[in-house]
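The structure appears right after this line, and notes come after that.
The values are calculated or read from the model by the stated rules, or taken from the named source; none is laboratory data. The structure displayed is predicted, hence computed values, not measured ones. Note: ideal-geometry Cβ built from the backbone for every residue, glycine included; neighbour counts use all protein chains shown.
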Amino acid sequence: MEASFFREGVITAVAIRKATKHETEQIVSHSLQVLEEASMGHIPPSQKKAWQMVRPFLAHGGYYLVYTEHEELQGWIGVGSTIDPYQDKRVGMIPELYVLPQYRKQGISEKLCTEACKRMQAAGFQAVQLNVFAGNPSKQLYEKLGFQDVTTLMALKLD
């Protein structure tokens, strides 16, 4: 999706497209920050752990869609697939959605998620899944877009 918008007397070039190799490297460089924010403290932050989560996604055909304005990276979404363990069907998977802090509250997350779902539907997927940690405010966006709870993972710390 590419579009131009007229904002405050300026034509703004906005694009949602597949990330280039350089942009993917930029995104991966933010992995620790993404992990810290998304996991809500449930995953101890380390660059090694962040890379352990990103590497398999990319190695199995996953890719990022980026949201850019005037070629400036503002946010991204991971697009991949997985096997639904309950139905034994291949489904689309969103392993990551992130908007850089200075660009939040502008609807970028919703645009990225909507575009990713359209692309997965066009690829033949009948469902899309994602994981969201308890307390993550992104859950409200996912619910607004029609995602529904499927399972709840619960934990008890045994100190």
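The residue list 80, 92, 75 contains one member that is touching a Gly at 6+ places or on another chain (Cβ under 6 Å) and under 18 Å from residue 18 (Cα atoms), which is 80.
Number of residues in region 92-112 that are of a type outside the set (Val, Ile, Thr), in contact (Cβ under 8 Å) with a residue 40 or more places away in the chain and in a helix (DSSP H, G or I) equals 2. Scanning region 7-29 for residues that are at pLDDT 95 or above and outside any helix (DSSP H, G or I) gives 16, 17, 18, 19, 20.
Inspect all residues belonging to region 126-135 and state whether any of them is out of contact with any His (no Cβ under 7 Å at 6 or more places or on another chain), part of a helix (DSSP H, G or I) and in contact (Cβ under 8 Å) with a residue 12 or more places away in the chain.
No, every residue in region 126-135 fails to be out of contact with any His (no Cβ under 7 Å at 6 or more places or on another chain), part of a helix (DSSP H, G or I) and in contact (Cβ under 8 Å) with a residue 12 or more places away in the chain.
Among the residues making up region 40-80, those that are without any contact (Cβ under 8 Å) to a residue 24 or more places away in the chain and of a type in the set (A, V, I, L, M, F, W, C) are 43, 50, 51, 59. As for region 88-110, it holds no residue that is acidic (Asp, Glu), over 19 Å from residue 132 (Cα atoms) and surrounded by 15 or more Cβ atoms within 10 Å (Cβ to Cβ).
Please tell me if residue 37 is at pLDDT 95 or above, part of a helix (DSSP H, G or I) and either touching an Asp or Glu at 6+ places or on another chain (Cβ under 7 Å) or on the phi < 0 side of the Ramachandran plot (or both). Answer is no for this residue.
Once region 142-158 is narrowed to residues that are of a type in the set (D, E, K, R) and assigned to a loop (DSSP other than H, G, I, E, B), the residue that is modelled with the highest pLDDT is 149.
Looking across region 126-137, just one residue is buried (at least 16 other Cβ atoms within 10 Å of the Cβ) and either touching an Asp or Glu at 6+ places or on another chain (Cβ under 7 Å) or over 22 Å from residue 40 (Cα atoms) (or both), and that is 128. Filtered by the rule that a residue be assigned to a loop (DSSP other than H, G, I, E, B) and surrounded by 13 or more Cβ atoms within 10 Å (Cβ to Cβ), region 113-125 gives a lone residue, 125.
Residues in region 136-155 that are more than 13 Å from the chain's Cα centre (by Cα), within 20 Å of residue 34 (Cα to Cα) and touching a residue at least 24 places away in the same chain (Cβ under 8 Å): 136 alone.
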